[in-house]
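Structure first, commentary second.
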Amino acid sequence: MTMKTGKLLFPTNLGGGKAADSHHIAYTEWGDSKNPHVVICVHGLTRNCRDFDYLAKALESDCRIFCVDVIGRGKSDWLDRAEDYGNYHVYLSDAMALLAYIKAQYQDDITLDWVGISMGGLIGMAAAIQPQIPIPIHKLILSDIGPVIPVTALRRMSDYVGKDQSFESIEALEAYIREISVSFGSLTDEQWRHLTIHSAKKNSDGTYGFCYDPKISGSLKQDDLKEDIVLWEYWDQLQVPTLVVRGVESDVLNIETTAEMQKRGPKTEVIELQGVGHAPILLDEEQIGIVKDFLLKA
């Protein structure tokens, strides 16, 4: 089986009955399109769907996998207004539209699992508790995210997100990605190059930049970052089996939060990874094995 790519047109729901122009969401799809076990994979804040190529290849004989470019990232459309990137209704609406699209392709019941890295995990957490969800989420995997995001981590991200830098060569871009993503842990040269190639956009002057809308930094303005983001009200409503993969050196998901997550809501299972911070990117064999075991066990 090989990867297929496509784009879907979704309404832009801003909440409160407000809407903007519709937008396209890009995706890659792996596995048998008739397989009733569907896995949705959603990336982190500045990343894109191609981060999941290694995981999808490992899962495609057992599952049908959808990996999406969140609005403003990868090959998906950009929003007109920076402030709309901080509006959770946009992300939740896209998740619901994707699930409705998948459901419409099946006559019989399907099993739907969600794998989310950082931001992708938050979207999955919000989707899983919606009473009107088109397909219930059966299992949830969160890579290095939980119901408390420390303001110190948000400030760190604001230092580099949306700076719209340009680089003379793909090698220079890769060196920068290795620097700002050192917390991903020990990746091979091939994996770093994979992340770089699919993070890059070539500018008209021949330089390279990142393939995300710089306006996504609108939700990370330093002046607005005064306190932690706290989402226990969402976590406590979760009722699906949940696995949390945490980087031991993470500044986004701390040990106190994970301890509390194991006592509340879905009473999650937590697996900690040495030598990794934010966030386990699910590229290496160990991390892929953890995901595969959780999704495929009865």
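None of the figures in this text is laboratory data; all of them are computed from the coordinates on show. The model shown is predicted, which means the values in this text are computed figures rather than measured ones. All Cβ positions, glycine included, derive from the backbone under ideal geometry; neighbour counts span all protein chains shown.
Structure data summary
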| item | result |
| --- | --- |
| Charge dipole of the chain about the Cα centre (unit charges at C-beta), most positive-ward option of Gly116, Leu45, Thr5 | Thr5 |
| Shape of the range 31-113, Cα gyration tensor, a/c cut at 1.5 | oblate |
| Relative contact order of the range 1-42, pairs being alpha-carbon contacts under 8 Å that are 6 or more residues apart, as % | 42 |
| Options Met125, Leu92, Ile145, ranked by Cα towards positive dipole end of the range 86-245, top entry (Cβ charges) | Leu92 |
| Debye, to nearest 20: dipole size of the chain, +1 on Lys, Arg Cβ, -1 on Asp, Glu Cβ | 580 |
| Projected label distance in nm at Lys221 and Arg264, using a 7 Å step from Cα toward the beta-carbon | 2.9 |
| Set Lys57/Lys202; Lys4/Lys292; Lys4/Lys267; Lys4/Lys201; Lys34/Lys139; Lys34/Lys57 screened for pairs whose C-alpha atoms are more than 25 Å apart | Lys57/Lys202; Lys4/Lys267 |
| Taking Trp232, Trp114 and counting other C-beta atoms within 10 Å, the order from fewest to most | Trp232, Trp114 |
| Charge dipole magnitude, Cβ of K and R +1, D and E -1 - the range 1-129, Cα centre, debye nearest 20 | 160 |
| Rounded, prolate or oblate (a/c below 1.5 giving rounded, otherwise prolate when a/b exceeds b/c) for the range 1-140 by Cα gyration tensor | prolate |
| Among Leu154, Ser166, Thr242 the positive-end extreme of the charge dipole of the range 154-263 (Cβ point charges) | Ser166 |
| Mean ellipticity per residue at 222 nm, deg cm²/dmol - from DSSP H runs of n ≥ 4 across the chain, formula -39500 (n - 2.57) | -8500 deg cm²/dmol |
| Label point distance in nm, Lys7-Asp293, each placed 7 Å from Cα along Cα→Cβ | 4.1 |
| Inter-label distance, nm, simple model (7 Å from Cα along the C-beta direction), Tyr106/Lys57 | 2.7 |
| Theoretical FRET efficiency, 1/(1+(r/R0)^6), r = Cβ-Cβ of Asp189 and Asp164, R0 22 Å, to 0.05 | 0.25 |
| Global geometry of the range 206-287, whether rounded, prolate or oblate, following the gyration tensor of its Cα atoms and the 1.5 cut on a/c | oblate |
| Check: the range 205-298 dipole with +1 on Lys, Arg Cβ and -1 on Asp, Glu Cβ, in debye | 340 |
| Extension gain from Arg155 to Glu286, taking 0.36 nm per residue of separation minus the Cα-Cα distance | 44.1 nm |
| Beta bridge orientation in the chain: antiparallel %, DSSP, nearest 5 | 45 |
| Rh (Kirkwood; distinct C-alpha pairs) - the range 86-178, Å | 15.9 |
| Relative contact order (percent, whole number), the chain, Cα cutoff 8 Å, 6+ residue spacing | 19 |
| Order of Leu225, Leu142, Leu173 - criterion: other Cβ atoms within 10 Å of each residue's Cβ, fewest first | Leu225, Leu173, Leu142 |
